[in-house]
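Beneath this line is the structure, given in structure tokens, with notes to follow.
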Amino acid sequence: MAVVLAKSAGFCFGVDRAVEAVYRVLEEEEKKEFAERLPIYTYGPIVHNERIVEELEKRGVQVLTSLSELKGLERGIVVIRAHGVGKEIYESLEKKGLKMVDSSCPFVRKIQKLVAEHSKKGESVIVMGDPEHPEIQGILGWGEGDVRALKGLEDVKALPDGEGKNFFVVAQTTFNIDKFKVVLETFKKKGYHTSVINTICNATFERQSEARELAGKSDAMVVIGGSSSSNTKKLYEICKAICPNTQLIQTVKDLKFNSDEAIRNVGITAGASTPKEIIEEVLTYVRNEF
């Protein structure tokens, strides 16, 4: 029995940076002996992992879920998560005089700046990604005029024929690279002219490529990550398409193997929001189980 853990499994650079920022701010405030401690907030859950969010909440870190909540604050420190936020959030923080720790992923900030720059020129901008995802909502918050998000290929197909219309196209950092290539080809077939910057994160590309290769060598795949994590869902889709016996779990408690199945090789990967300790728990369990 071989159990292989993907080298890229777990926290990506952006998420790791954001989580570290919250703990650093928290520790700095907890060390204060004479100065008054400031309340600490994150704009949205700092990571798609319930265990970490609950741990932070127990230590007093509160999660803001809307602009109206932010506007209701009088004092405190607000940490911006890796997904980033729209321009209006920055303006509100400045207006309220709140201290901000910006932990937006640099790759996300790059997309925000590109959308702001090209839309300001009057260009029509398309961001490929889930319109309901906070990263996309934040990116759209930097656009002016004709700026929209399309979730995938079906949305592109639903567009009217291009008749030479120009689009500037970028993608969510976790967008599937293979699907992005198909999307761009579809724009071309429909008669659109596109200027494209591939904004899919290198870490995402490597994680997806490694998952694809590992799934091809495995009798069973385990994908670890939060149920609301976009990059985890994409990993699951990639693995499931190659290895039908693929499970998506959040913790080791969710893991189930059919004892009747002939499993010789198990591959394990994890989304960018999955802490090392959860990965280790699953890895240990699988190795002991087989």
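The values are calculated or read from the model by the stated rules, or taken from the named source; none is laboratory data. Computed from a predicted structure; not experimentally measured. Every residue, glycine among them, receives a Cβ derived from its backbone with ideal geometry; neighbour counts consider all protein chains shown. Each accessible area value is taken on the protein alone, full model and side chains, heavy atoms only, with ligands, DNA and RNA left out. Shrake-Rupley method; radii C 1.70, N 1.55, O 1.52, S 1.80 Å.
Taking GLU20 as the residue in question, decide whether it is surrounded by 12 or more Cβ atoms within 10 Å (Cβ to Cβ) and of a type in the set (Asp, Glu).
Yes; evaluated as a whole, the condition is true for this residue.
Output the residues belonging to segment 45-63 that are touching a Ser or Thr at 6+ places or on another chain (Cβ under 7 Å) and under 26 Å from GLU88 (Cβ atoms).
Residues of segment 45-63 touching a Ser or Thr at 6+ places or on another chain (Cβ under 7 Å): 47-49, 61, 63.
Matches in segment 45-63: VAL47, HIS48, VAL61, VAL63.
Across segment 30-57, which residue is modelled with the lowest pLDDT among those that are surrounded by fewer than 11 Cβ atoms within 10 Å (Cβ to Cβ) and among the hydrophobic types (A, V, I, L, M, F, W, C)?
Among them, the one singled out is PHE34.
Show the residue pairs that are 6+ apart or on different chains and have beta-carbon atoms under 6 Å apart, the first residue being within segment 144-166 and farther than 13 Å from MET128 by Cα, the second being open to solvent by less than 80 Å² (accessible area, probe 1.4 Å) and of a type outside the set (Lys, Arg).
Close Cβ pairs (under 6 Å, with a partner that is open to solvent by less than 80 Å² (accessible area, probe 1.4 Å) and of a type outside the set (Lys, Arg)) amount to GLU144/SER119; GLY145/SER119; ASP146/SER124; ASP161/GLY191; GLY162/GLY191; GLY162/TYR192; GLU163/GLY191; LYS165/TYR192.
As an exercise: evaluate ARG207 against (1) more than 26 Å from ILE278 (Cα to Cα); (2) surrounded by 19 or more Cβ atoms within 10 Å (Cβ to Cβ); (3) among the charged types (D, E, K, R) and give the number of the one condition it does not meet.
(1)
Within segment 191-216, which residues are of a type in the set (D, E, K, R) and at pLDDT 95 or above?
GLU210, ARG212, GLU213
Anything in segment 172-185 that is surrounded by 20 or more Cβ atoms within 10 Å (Cβ to Cβ) and either among the basic types (Lys, Arg) or under 19 Å from LEU114 (Cβ atoms) (or both)? List them, or say none.
Keep residues of segment 172-185 that are surrounded by 20 or more Cβ atoms within 10 Å (Cβ to Cβ), which gives 172-176, 180, 183.
GLN172, THR173, THR174, PHE175, PHE180, VAL183 - these are the residues of segment 172-185 that are surrounded by 20 or more Cβ atoms within 10 Å (Cβ to Cβ) and either among the basic types (Lys, Arg) or under 19 Å from LEU114 (Cβ atoms) (or both).
Exactly one condition in (1) surrounded by fewer than 24 Cβ atoms within 10 Å (Cβ to Cβ); (2) at pLDDT below 95 is not met by SER230; state its number.
(1)
For HIS48, only one of the following conditions fails: (1) assigned to a loop (DSSP other than H, G, I, E, B); (2) in contact with a helix residue (DSSP H, G or I) (Cβ under 7 Å, 6 or more places away or on another chain); (3) under 24 Å from SER228 (Cα atoms). What is its number?
(2)
Looking at (1) open to solvent by 70 Å² or more (accessible area, probe 1.4 Å); (2) over 30 Å from MET128 (Cα atoms); (3) in a helix (DSSP H, G or I), can you tell me which one ALA262 breaks?
(3)
For GLU277, indicate whether it is crowded, with 16+ Cβ neighbours inside 10 Å, assigned to a helix (DSSP H, G or I) and among the acidic types (Asp, Glu).
So GLU277 does not fit the description; no.
Taking the stated definitions as given, is ASN265 more than 23 Å from the chain's Cα centre (by Cα) and either free of Cβ contacts under 8 Å to residues at least 40 places away in the same chain or within 26 Å of VAL19 (Cα to Cα) (or both)?
Numbers: more than 23 Å from the chain's Cα centre (by Cα): yes; either free of Cβ contacts under 8 Å to residues at least 40 places away in the same chain or within 26 Å of VAL19 (Cα to Cα) (or both): no.
The answer is no for ASN265.
If the requirement is being farther than 15 Å from VAL182 by Cα, of a type in the set (A, V, I, L, M) and touching a helix residue (DSSP H, G or I) at 6+ places or on another chain (Cβ under 6 Å), which of these qualifies: VAL156, VAL147?
Testing whether each residue is farther than 15 Å from VAL182 by Cα, of a type in the set (A, V, I, L, M) and touching a helix residue (DSSP H, G or I) at 6+ places or on another chain (Cβ under 6 Å) leaves just VAL147.
Just to be sure I understand, how many residues within segment 1-34 are more than 20 Å from LEU64 (Cβ to Cβ) and free of Cβ contacts under 8 Å to residues at least 60 places away in the same chain?
Of the residues in that region, 7 qualify.
Suppose we keep only residues that are of a type in the set (D, E, K, R) and open to solvent by 60 Å² or more (accessible area, probe 1.4 Å) within segment 233-250. Which one would you say is nearest to the chain's Cα centre (by Cα)?
Step one: filter segment 233-250 for residues of a type in the set (D, E, K, R), giving 233-234, 237, 240.
Of the ones still in play, those that are also open to solvent by 60 Å² or more (accessible area, probe 1.4 Å) are 233, 237, 240.
Working: LYS233: 10, GLU237: 15, LYS240: 20 Å.
The residue in question is LYS233.
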